[in-house]
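Trainee: One structure, pasted below without further comment.
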Amino acid sequence: MLLDTRAMRHLSAEDWKVLQAAEQGSKNHEVVPTPLIERLSRLKGGASGVHKSISTLAKAGLLARMKEMKYDGYRLTYGGLDYLALHTHSQKRQVYSVGTRVGVGKESDIMIVADETGTQKILKIHRLGRISFRTVKTNRDYLKKNQACGSWMYLSRLAAMKEFAFMQALRDEGFPVPEPIAHSRHTIVMSLIDASPLRQISAVPDPAGLYADLIGLILRLAKHGLIHGDFNEFNILILEERAEPTGTTIKGKGKEGDENALDQEEGAITLTPIVIDFPQMVSMEHPNAEMYFDRDVQCIKRFFERRFHFLSTTPGPFFKDAKKLMGKDGAKRLDATATASGFTKKMAKDLEAAIRDQAALLESSPIDSEDEDDEDENEEEEGEVGDEGAVPGSEEPEVLHIKGNDFLPEAEEGMAKLAVNEGT
């Protein structure tokens, strides 16, 4: 769905209280009864003030009334949850303005944001329920399974919670991942890295070196007890850095296989893989660990053969060998990191089941792009959602050959300031 922040500047302190009340009521009700919203919001204006705020929020698409319900009530929409998360980030001075969407997938949206100093960051919005009602309602088994593990809001929160915990742990151990900055509900604020997605790169100077770096990252994760679970060209960024010219040939010294330094008399070019997207990460002790490990390895092998016509002559790596690396040389086991942060085993099972079931459903019933924003097609909603800005292109890097538009915009044009009432 599209994120339109224009209505934020018009919301009053009372409106935010009502929206928060709807969120609180959503813990036990998919459609929150209006009397419950009145009790939870505790507005001085009473029922009339609550109904006024509900009308404002419904017009902005933050609350929605379901058709053919036996009682009067409203459902918190993804837009409403987005606003609550942005409100929290804004109050903590992490997000001041919102720019364009630079990435979209079946389970998340990626936005450019900036703080009060103008420093650009990335806002990742998890949308684990991004399946149109038109598709889901034809699969009753999917609905029954997910009633047991909670709503789309619960699952999206779990995905963000797990990803933030693993990103922090990996960053602390020196892995090449974005810096996690803040976490609220189903969103994560992280550092912006001026890098290109591997899927957009058509050629690199040294495919063998880059391949070795990526396989090295898979093994390094295994050493810490982890498997990425979705290690492919969509979740790997390539950062290009050029050293100062020295007039002599410089040999690269990548740490643990993470970097690919090229010999250049004008200054060494270093290609550093940056790993992103961690909600599906699993332990090396997982019952299906070998399948996930082999899949990650094969994804890299197939991509390099298809895109760069590179085929490694070295077999493997194999799971049985990688498992022997766990904890070696004092490597800290990170597979219990999420549990230590409050992410319980039940949460892990719920999230894993939701990701697996959604992937299977999407494979059997692909969703057209027109259906992506059909979340509320069976609801009465007032108001419209604004158009989204396009991602500006940029010049191609000197070394990497990029397919299509570059990943990141170069300027702050189109950044919309968040005007948030400070009274809540």
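The values are calculated or read from the model by the stated rules, or taken from the named source; none is laboratory data. These numbers were taken from a predicted model, which means no experiment stands behind them. Please note: Cβ atoms are built from the backbone with ideal geometry, for glycine as well, and neighbour counts cover all protein chains shown. Side chains included, ligands, DNA and RNA excluded: accessible areas come from the protein's heavy atoms. Shrake-Rupley method; radii C 1.70, N 1.55, O 1.52, S 1.80 Å.
Trainee: Could you please find all residues in the stretch 310-335 being closer than 30 Å to A203 by Cβ and either free of Cβ contacts under 8 Å to residues at least 40 places away in the same chain or in a helix (DSSP H, G or I) (or both)?
Mentor: L311, T313, T314, P315, G316, F318, A322
Trainee: With the condition kept exactly as written, say whether any residue in the stretch 170-184 is in contact with a helix residue (DSSP H, G or I) (Cβ under 6 Å, 6 or more places away or on another chain), crowded, with 24+ Cβ neighbours inside 10 Å and not in a strand (DSSP E or B).
Mentor: Within the stretch 170-184 (the criterion being in contact with a helix residue (DSSP H, G or I) (Cβ under 6 Å, 6 or more places away or on another chain), crowded, with 24+ Cβ neighbours inside 10 Å and not in a strand (DSSP E or B)), the answer is no, since none of the residues qualifies.
Trainee: Would you check which residues across the stretch 193-225 are out of contact with any Pro (no Cβ under 8 Å at 6 or more places or on another chain) and assigned to a loop (DSSP other than H, G, I, E, B) and list them?
Mentor: Result: D194, A195, V204, P205, D206, H224, G225.
Trainee: Restricting to the stretch 336-355, and then to whatever is in a helix (DSSP H, G or I) and among the hydrophobic types (A, V, I, L, M, F, W, C), can you tell me which residue is surrounded by the fewest Cβ atoms within 10 Å (Cβ to Cβ)?
Mentor: The qualifying residue surrounded by the fewest Cβ atoms within 10 Å (Cβ to Cβ) is A340.
Trainee: Would you confirm, using the coordinates I've provided, whether T119 is open to solvent by 20 Å² or more (accessible area, probe 1.4 Å) and without any contact (Cβ under 8 Å) to a residue 12 or more places away in the chain?
Mentor: yes
Trainee: Does at least one position in the stretch 274-293 carry a residue that is in contact with a strand residue (DSSP E or B) (Cβ under 8 Å, 6 or more places away or on another chain), at pLDDT 95 or above, open to solvent by 30 Å² or more (accessible area, probe 1.4 Å) and under 17 Å from Y211 (Cβ atoms)?
Mentor: no
Trainee: Now, a different point. For the stretch 102-125, indicate whether the set of residues that are within 25 Å of G25 (Cβ to Cβ) and modelled with pLDDT of 95 or more is non-empty.
Mentor: Yes, there is a match, as at least one residue in the stretch 102-125 is within 25 Å of G25 (Cβ to Cβ) and modelled with pLDDT of 95 or more.
Trainee: Separate question: So which residues in the stretch 295-319 are acidic (D, E) and open to solvent by 30 Å² or more (accessible area, probe 1.4 Å)?
Mentor: Once the filter is applied, which keeps residues that are acidic (D, E) and open to solvent by 30 Å² or more (accessible area, probe 1.4 Å), the stretch 295-319 yields only E305.
Trainee: Considering E241, E233, which residue is under 21 Å from F308 (Cβ atoms), open to solvent by less than 60 Å² (accessible area, probe 1.4 Å) and either assigned to a loop (DSSP other than H, G, I, E, B) or modelled with pLDDT of 75 or more (or both)?
Mentor: One residue alone meets the criteria, E233.
Trainee: Further, regarding this structure: I need the full set of residues from the stretch 37-66 which are crowded, with 22+ Cβ neighbours inside 10 Å and free of Cβ contacts under 8 Å to residues at least 40 places away in the same chain, in order please.
Mentor: Once the filter is applied, which keeps residues that are crowded, with 22+ Cβ neighbours inside 10 Å and free of Cβ contacts under 8 Å to residues at least 40 places away in the same chain, the stretch 37-66 yields I37, S41, V50, I54.
Trainee: Moving on to the next point. Say we look at the stretch 67-112 and pick out the residues that are in a loop (DSSP other than H, G, I, E, B) and of a type in the set (F, W, Y); which of these is most open to solvent (accessible area, probe 1.4 Å)?
Mentor: The residue in question is Y71.
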